[in-house]
Amino acid sequence: MVYDVIIIGSGPAGLAAAIYGKRARLRTLVIEKQPMSGGQILNTYEVDNYPGLPGIGGFELGQKFREHAEKMETEFVTAEVTGIAEEEEIKRVLTDKGEYETKTIILATGANHRKLGVPGEEELCGMGVSYCATCDGAFFRGRTVAVVGGGDVALEDALFLARACKKVYLIHRRNEFRGAKVLQEQVAQAENIEVIWDTVVEEIKGDGQVQALALFDKKKEEKSELPVDGVFIAVGIEPNTAQIEDAVELDEGGYIIAGENTKTSVPGIFAAGDVRTKPLRQVVTAAADGANAITAVENYLHGL
């Protein structure tokens, strides 16, 4: 069977594309690496900026996207994509479960958490080192933790952890945050959040469990050690393009070069969501990309 469109990834962008694809009566297949759809929002405690659904849980929102796609009778396959091949007008998506043929492809593979790359991070991952406050925060109730970062995710993580933890240190390498002003205000008002400015983590210390952070104050040029029971790293994301980096053109950061029309450097291949070059990566922009991608697919199929 040759599909009209194969969507790689089942986060908000991929699922929105699936919904719009089925509404357009396109033969649509979604290939997802994990059997649980939703992407990064599954790890978000609360999504407060998706229009019409203020305060909805990330897991719940992800499930609603999936349920909508299933209602449209979208076909899903759980497999890991290993490459993309082209043969004239037909494209082949290679996976560990076999090959699938299609006329067009939408890359909606999303992104993952960026790591600090310091000693102790890998060794203590899962033993006090976490990249998801909503996933692991409950393990640190009444204890002292640190959050590293200065964007929206770092501020949200600090606020979430402050609800249950005794003390939360928010460590940022600059002297001002990049996150939303409303989040900055909430952090400033939280009594148990202490911000450590102009500081980087040089090492995560512990014997089988995180016990302390080795810090360096860039402004004072001083080293210190901060005792903590856990550290939550929120320093950005990296695009999931490792398996498809040879298929389309990427920018220096590894993101797929594609504009609002979602067109990539290869005709018939489109990119949607966090994986593409864009100024804002949010659930609402990812979902919008999915809709735009299907419009681009239809235009391509009709030779427009």
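The values are calculated or read from the model by the stated rules, or taken from the named source; none is laboratory data. Small disclaimer: the values here were computed from a predicted structure and weren't measured. For neighbour counting, all protein chains shown are included, and Cβ atoms are generated from backbone atoms with ideal geometry for every residue, glycine included.
Tally up the residues in the range 129-164 that are part of a loop (DSSP other than H, G, I, E, B), touching a Phe, Trp or Tyr at 6+ places or on another chain (Cβ under 9 Å) and surrounded by fewer than 23 Cβ atoms within 10 Å (Cβ to Cβ), please. So that I can check it myself, show each step before the final result.
Keep residues of the range 129-164 that are part of a loop (DSSP other than H, G, I, E, B), which gives 131-132, 141-143, 149-151, 163-164.
Applying the additional criterion that residues be touching a Phe, Trp or Tyr at 6+ places or on another chain (Cβ under 9 Å) yields 131-132, 149-151, 164.
Next, from what is left, pick out any that are surrounded by fewer than 23 Cβ atoms within 10 Å (Cβ to Cβ): 131-132, 151, 164.
Number satisfying all stated conditions: 4.
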Breaking point among (1) within 16 Å of Val129 (Cα to Cα); (2) under 26 Å from the mean Cα position of the chain (by Cα); (3) assigned to a loop (DSSP other than H, G, I, E, B), for Ile244: (1)
Among the candidates Glu67, Glu73, which residue alone is free of Cβ contacts under 8 Å to residues at least 24 places away in the same chain and of a type in the set (Asp, Glu)? Glu67
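Using the structure shown, decide if Val168 is buried (at least 17 other Cβ atoms within 10 Å of the Cβ), assigned to a strand (DSSP E or B), free of Cβ contacts under 8 Å to residues at least 40 places away in the same chain and at negative phi.
On the way: buried (at least 17 other Cβ atoms within 10 Å of the Cβ): yes; assigned to a strand (DSSP E or B): yes; free of Cβ contacts under 8 Å to residues at least 40 places away in the same chain: yes; at negative phi: yes.
Spelling it out, Val168 is indeed buried (at least 17 other Cβ atoms within 10 Å of the Cβ), assigned to a strand (DSSP E or B), free of Cβ contacts under 8 Å to residues at least 40 places away in the same chain and at negative phi.
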Can you find a residue in the range 73-92 that is more than 20 Å from Ile269 (Cβ to Cβ) and either under 15 Å from the mean Cα position of the chain (by Cα) or of a type in the set (D, E, K, R) (or both)? yes
When every residue in the range 177-223 that is part of a strand (DSSP E or B) and touching a helix residue (DSSP H, G or I) at 6+ places or on another chain (Cβ under 9 Å) is compared, the one farthest from Gly149 (Cα to Cα) is Ile193
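Could you pull out the residue among Val77, Val81, Val93 that is surrounded by 22 or more Cβ atoms within 10 Å (Cβ to Cβ), touching a Phe, Trp or Tyr at 6+ places or on another chain (Cβ under 9 Å) and among the aliphatic types (A, V, I, L, M)?
On the way: Val77 fails: surrounded by 22 or more Cβ atoms within 10 Å (Cβ to Cβ); Val81 fails: touching a Phe, Trp or Tyr at 6+ places or on another chain (Cβ under 9 Å).
Residue meeting the stated conditions: Val93.
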Return the total of residues in the range 159-177 being touching a strand residue (DSSP E or B) at 6+ places or on another chain (Cβ under 6 Å) and over 21 Å from Gly142 (Cβ atoms). 1
Being small (Gly, Ala, Ser), more than 15 Å from Phe160 (Cα to Cα) and assigned to a loop (DSSP other than H, G, I, E, B) is the filter here; which residues of the range 38-58 pass it? Gly38, Gly52
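Which one of Glu75, Glu60, Glu99, Glu70 is over 20 Å from Ala17 (Cβ atoms) and at pLDDT 95 or above? Full working, then the answer.
Working: Glu75 fails: over 20 Å from Ala17 (Cβ atoms); Glu60 fails: at pLDDT 95 or above; Glu70 fails: over 20 Å from Ala17 (Cβ atoms).
Testing whether each residue is over 20 Å from Ala17 (Cβ atoms) and at pLDDT 95 or above leaves just Glu99.
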